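The values are calculated or read from the model by the stated rules, or taken from the named source; none is laboratory data. Everything numeric in this text was worked out from a predicted model, so none of it was measured. Glycine gets a Cβ as well: all are built from the backbone with ideal geometry, and neighbour counts include every protein chain shown.
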Amino acid sequence: MATVLESAALLLLAYMSCMFVIGLCAKDNSLIDIAYGPAFVVASWGAWLFGGTAGFRPLLLLALVTLWGARLGLHIGLRHRGKGEDFRYRAFREAWGKTIIWRSFLQIYLLQGAVVFVVAMPILLAIASPGGGPSWTDFVGILLFGVGFFFEAVGDWQLTRFKQNPAHRGQTIEEGLWRYTRHPNYFGEAVLWWGIFIIGLGSPAGLWGLISPLTICFLLLKVSGIPMLEAKYIGNPQFEAYKARTNAFFPWFPKKGPDTPSSTGNPEHS
């Protein structure tokens, strides 16, 4: 097990160091968002190549994380194209001033690498000790992963199409999956990692992988997900009306709430 975990940690250190240099040269630390999904692919496949076995469960998890990481990286890369540094990272740049270089390395790149290492734990544990053949937990986990992947991928696609329509400029998306939850993509990401954790329960040490979905849920609900994004729209009348009607995370039917006011000139929900 030590070989697998050490390999993943060293690969993430190298990967994030390379991304730091790229971000430094481009003066765009938000490139790390594009690299986030692929980082799981690099760490997982690297750990398997250096210390894994060709069991059913590691190969299943490698296939799932590759599908998820490649789609997410491609989606964020296309969304980022031509837009420059994201507002969150611009705020860090302005606040950190002359300390931007070392603080970026530690607080953006290395911290992101640590998050990836923790969240990938069910995969790494299964690679180190796959356990027996297929069991009911694997099928439950695949089902949850499928549901989560659907919410994340379809939610992202619906938001992208909404923003591409010039008539929607300055408006808040309230259609498709976004009618039932303000963050279908975040909900989907949480659910799919619960699915990966449940698949990982087939490993003898699989229960330790519980840290993965718990970390994802904490970050999305309390730290860098919903709170940071929605802070951008405080005072937006249309978003406030949407917020009053629609669950933040778990999908449900909209509540009765105030009518949506005119939103001309208001920022987009993203």
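Things worth noting here:
- Single residue of 57, 71 found to be surrounded by 15 or more Cβ atoms within 10 Å (Cβ to Cβ), in a helix (DSSP H, G or I), among the basic types (Lys, Arg) and more than 14 Å from the chain's Cα centre (by Cα): 57
- Inspection of the stretch 17-27 identifies at least one residue that is part of a loop (DSSP other than H, G, I, E, B) and not β-branched (Val, Ile, Thr).
- Just one residue in the set 11, 49 is loosely packed, with under 14 Cβ neighbours inside 10 Å, in a helix (DSSP H, G or I) and of a type in the set (A, V, I, L, M, F, W, C); that residue is 49.
- Qualifying residue in the stretch 144-152 (condition: buried (at least 18 other Cβ atoms within 10 Å of the Cβ), of a type in the set (A, V, I, L, M) and more than 30 Å from residue 21 (Cα to Cα)): yes
- Exactly one residue among 98, 83 is in the same structural domain as residue 22 (by TED's automatic domain parsing) and over 27 Å from residue 157 (Cβ atoms), and that residue is 98.
- When the test is whether a residue is modelled with pLDDT under 90, over 20 Å from residue 124 (Cα atoms) and of a type in the set (Gly, Ala, Ser), residue 82 passes it.
- Residue that is of a type in the set (Phe, Trp, Tyr) and in contact with a Lys or Arg (Cβ under 8 Å, 6 or more places away or on another chain), where the choices are 186, 242: 242
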